[in-house]
Amino acid sequence: MGLLATEDWILRMKVYDVCILGSGLASTMLGSILARQGVRTLLLDRSAHPRFAIGESTIPSTTGFLKILARRYDVPEIETLSSFNRIKRVAPSCGVKRAFTFIYHRRGRPHAPSEAMEYRTFPPPLGPDVHLLRSEVDAYMAGVAVRYGAQLEEGAEVREVELRDVVRVVLADGSARHARFIVDGSGHKSVLARQLDLRDPEPRLQTRSRVIFTHMRGVRPYDHSAGPRSAYRLTHTPFHQSTLHHVFDGGWSWVIPFDNHPDATHRQCSVGLCLDLAKHPANGRDGEEEFWEIIREFPGIARHFEGATATRRWVSTGRLQYTSRSVAGPRWCLLPHAASFVDPLFSSGLSLSTWGINILARELLDATAAGDPGDARLGFYETYLNRSIAHYDQLIAGSYASWADFELWNAWYRMWTIGAFLQVAGELTHLARVVDSGDASAFTMAPYRALQSIDYAPFERLFDASRAELDAVGEGRLSTSEAAARILSHVHAAELAPRSFTDPESRSPITATLGNILRLLAWGRYRSTAELRTLFFSENHRIIPLLARELSHTAWQERRSLRGLFRLARDVVSTRNREFMARDEAS
């Protein structure tokens, strides 16, 4: 045959249009979309479902993209992953996520309630967000891909990939599979990255961190040890129903509960400790021993973990970061998590994956319809994936640097909240257009091409100016208090968000009741700058009816449960609930 495949040969052989390596969440979402649209799709995975995975927290931008993927490509099962009210019907072991919460700690001192931050996720009908038990969710999505016609082979370890006119994938048993395009979704152990020598010897990233993680049982709600809620400048959202971040100079710890609602079936909690390599170099020590030693330096964190025990072996890594010199080429590409990784902070992994799937799916579908998926044009995907990764690197490296002082972190934190606010505003605009008219043209147009609003020039200028202030602290040219004041001055001057985002005394910029969401839309439509109004808030006349339809749909799903209807009504208008208390007492 040589390097070129004839049409006769393709007809005689079983040649798939697209082969996807890996059957994790990103791979199976892409596989479901392609198979749903008639693309002959093969998924190969060296292990089998169910299996452990991290990347367990959704965020509002992920929620938006999940809904967009479901509507744009007619795969409603993807939308099931977008909110707790939807996913609980198919993956009851998942937890509810109503907020990001950041608790600042100082070594040897009790936590000060005034040094806590909160960023609420969507209320119903779009939310709340989800703590994904990946073993259950990944298995569900793999089943969806198979039902749409994708072929899934588990226990299929890939030995070699031959990139020809028809890609030849050689398995460990010597057998081969053939496809006209290959997508690598196998993560940091990417087959193509290894075979094509794509990994940069030194990652092109400023963030330098490592992680220790496991799942634990017996992690009591932080609400029990945090002191009176009245001392905090936050909403009444339970800490135990948030993705809780304990942050400190030198690192941070995540706490992701799955047992935080009355119907919970999984009694465990995901726990991790990320450490700045500059302050905590890798030392080869036992991960569990090091975890407890560091945690005990902070009285507030130590109390949170009193009595907790690991239910899985501890994993302790070296440097987490990796990048690739290329992420796409003739007849191949890497999914975002196979191409690069920064750090779990801000739950960027799933957001990057859903963004990437939205771009890749369209390109592969169009090229397949034109005759050959190998003709997919992926320059845009590579350019804006790299740009998004570079931005997250700057954002996360800046966060580690800012934790040297709470005042500085309080200022830098605004970079994330404002970028996230504009990102979600843009996604709601896209979602309304996709639902009403099928128009998805804006995804490849400025200022929507990259994540966290970095494609919007005024926000990029704000971010760069603020990052320069952090750099000045590191170089000894500014004190932390001077840099914090200058960052806040940049934030105010930019006029990119309501006052609750820019006021340093505001610890919770979004109340996240439905009324508050409508007020934010009204701010965008009537009080923001003319440019913001045009780019991010021009579709309010579509968004509000969309919210009404979504609320009606959610209420219809709960129609057989008075308790479910009560919870829905409560969550639409209030941030208060004590459900986690009843669950905790029952355990």
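The values are calculated or read from the model by the stated rules, or taken from the named source; none is laboratory data. These figures come from a predicted structure and were not determined experimentally. Cβ coordinates were reconstructed from backbone atoms using ideal geometry, including for glycine residues, and neighbour counts include every protein chain displayed.
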message: For the stretch 220-234, give me the residue count where each residue is among the basic types (K, R) and assigned to a loop (DSSP other than H, G, I, E, B).
response: 2
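May I ask you to verify whether S402 is at pLDDT 95 or above and closer than 18 Å to T207 by Cβ?
Details: at pLDDT 95 or above: yes; closer than 18 Å to T207 by Cβ: yes.
Spelling it out, S402 is indeed at pLDDT 95 or above and closer than 18 Å to T207 by Cβ.
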field: Selection count, the stretch 345-374, where residues are outside any helix (DSSP H, G or I) and within 10 Å of the chain's Cα centre (by Cα)
entry: 0
field: Residue count for the stretch 268-284, restricted to those that are closer than 16 Å to D343 by Cβ and in a loop (DSSP other than H, G, I, E, B)
entry: 5
- request: Quick one: L551 ticks every box in (1) more than 30 Å from P262 (Cβ to Cβ); (2) part of a helix (DSSP H, G or I); (3) out of contact with any Phe, Trp or Tyr (no Cβ under 8 Å at 6 or more places or on another chain) except a single one, so which number is it?
  value: (1)
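Please enumerate the residues belonging to the stretch 85-133 that are assigned to a strand (DSSP E or B) and farther than 19 Å from W416 by Cβ.
Keep residues of the stretch 85-133 that are assigned to a strand (DSSP E or B), which gives 95-97, 99-104, 116-120, 129-131.
Hits for the stretch 85-133 are G95, V96, V130, H131.
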- request: Give the stretch 361-388 a look and list any residue that's under 30 Å from I256 (Cα atoms), touching a helix residue (DSSP H, G or I) at 6+ places or on another chain (Cβ under 7 Å) and not small (G, A, S), or say none.
  value: L385
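Let me confirm something: among D263, D276, which residue is acidic (D, E) and modelled with pLDDT of 95 or more? Steps first, please.
Numbers: D263 fails: modelled with pLDDT of 95 or more.
Going through D263, D276 in turn, just one is acidic (D, E) and modelled with pLDDT of 95 or more: D276.
Would you please name the residue that is nearest to V211 (Cα to Cα), looking only at residues in the stretch 244-259 that are in contact with a Ser or Thr (Cβ under 9 Å, 6 or more places away or on another chain) and in a loop (DSSP other than H, G, I, E, B)? If you could, list the steps in order and put the result at the bottom.
First, the residues of the stretch 244-259 that are in contact with a Ser or Thr (Cβ under 9 Å, 6 or more places away or on another chain): 244-247, 251-252, 254-259.
Now drop any that are not in a loop (DSSP other than H, G, I, E, B), which leaves 258-259.
Working: F258: 21, D259: 23 Å.
Only one residue fits best here, namely F258.
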Condition broken by S340, with the remaining ones in (1) in contact with a Phe, Trp or Tyr (Cβ under 8 Å, 6 or more places away or on another chain); (2) of a type in the set (S, T, N, Q); (3) farther than 27 Å from S538 by Cα; (4) not assigned by TED's automatic domain parsing to the domain that holds R180 satisfied: (4)
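Take the stretch 435-449 and flag every residue that is in a loop (DSSP other than H, G, I, E, B) and out of contact with any helix residue (DSSP H, G or I) (no Cβ under 7 Å at 6 or more places or on another chain).
Of the stretch 435-449, the ones in a loop (DSSP other than H, G, I, E, B) are 438-440, 445-449.
Scanning the stretch 435-449 gives G438, M445, A446.
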- request: Find all pairs meeting these conditions: Cβ atoms under 7 angstrom apart; at least six residues apart or on different chains; first residue within the stretch 392-410 and closer than 17 Å to Y322 by Cβ; second residue of a type in the set (S, T, Y) and assigned to a loop (DSSP other than H, G, I, E, B).
  value: D393/T207; I396/T207; A397/T207
- line: Looking across the stretch 157-193 at residues that are under 28 Å from the mean Cα position of the chain (by Cα) and of a type in the set (G, A, S), the single one that is nearest to V75 (Cα to Cα) is G185
field: Filter pass, S225 being surrounded by fewer than 18 Cβ atoms within 10 Å (Cβ to Cβ), over 24 Å from F291 (Cβ atoms), modelled with pLDDT under 95 and outside the structural domain of G22 (by TED's automatic domain parsing)
entry: no
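For residues that are in a loop (DSSP other than H, G, I, E, B) and among the aliphatic types (A, V, I, L, M), scanning just the stretch 450-462, find the one that is surrounded by the most Cβ atoms within 10 Å (Cβ to Cβ).
First, the residues of the stretch 450-462 that are in a loop (DSSP other than H, G, I, E, B): 450, 454-456.
Those left that are additionally among the aliphatic types (A, V, I, L, M): 450, 454.
Numbers: A450: 22, I454: 24.
Ranking the qualifying residues of the stretch 450-462, first place goes to I454.
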task: Within the stretch 35-65, count every residue that is hydrophobic (A, V, I, L, M, F, W, C) and buried (at least 19 other Cβ atoms within 10 Å of the Cβ).
output: 7
- prompt: Inside the stretch 87-126, can you point out the residues that are surrounded by fewer than 19 Cβ atoms within 10 Å (Cβ to Cβ) and either in contact with a Lys or Arg (Cβ under 7 Å, 6 or more places away or on another chain) or of a type in the set (D, E, K, R) (or both)?
  reply: R89, R106, R107, R109, S114
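Here's the yes/no breakdown for (1) farther than 27 Å from P221 by Cα; (2) of a type in the set (F, W, Y); (3) surrounded by 19 or more Cβ atoms within 10 Å (Cβ to Cβ); (4) not assigned by TED's automatic domain parsing to the domain that holds S225:
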residue	(1), (2), (3), (4)
H246	no, no, yes, no
R267	no, no, no, no
T309	no, no, no, no
W332	yes, yes, yes, yes
F346	no, yes, yes, yes
field: Residue pairs meeting the criteria (Cβ under 9 Å; at least 6 apart or on separate chains; first in the same structural domain as H261 (by TED's automatic domain parsing), in the stretch 556-579; second aromatic (F, W, Y) and not in a helix (DSSP H, G or I))
entry: none
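Can you name the residue in the stretch 528-553 that is more than 22 Å from S574 (Cα to Cα) and without any contact (Cβ under 8 Å) to a residue 12 or more places away in the chain and is also surrounded by the most Cβ atoms within 10 Å (Cβ to Cβ) among such residues?
Within the stretch 528-553, the first condition is being more than 22 Å from S574 (Cα to Cα), and the residues that meet it are 528-542.
With without any contact (Cβ under 8 Å) to a residue 12 or more places away in the chain added as a condition, the list becomes 530, 533-534, 541.
On the way: A530: 7, R533: 16, T534: 10, H541: 10.
Applying the filter and picking the extreme gives R533.
Considering only residues that are in a helix (DSSP H, G or I), over 20 Å from F406 (Cβ atoms) and among the aliphatic types (A, V, I, L, M), which ones fall in the stretch 476-503?
To start, the set of residues in the stretch 476-503 that are in a helix (DSSP H, G or I) comprises 480-494, 499-502.
Cutting the leftovers down to over 20 Å from F406 (Cβ atoms) gives us 493-494, 499.
Selection gives A493, A494.
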message: Residue under question is R303, and the condition is that it be surrounded by fewer than 24 Cβ atoms within 10 Å (Cβ to Cβ) and in contact with a Leu (Cβ under 9 Å, 6 or more places away or on another chain); does it hold?
response: no
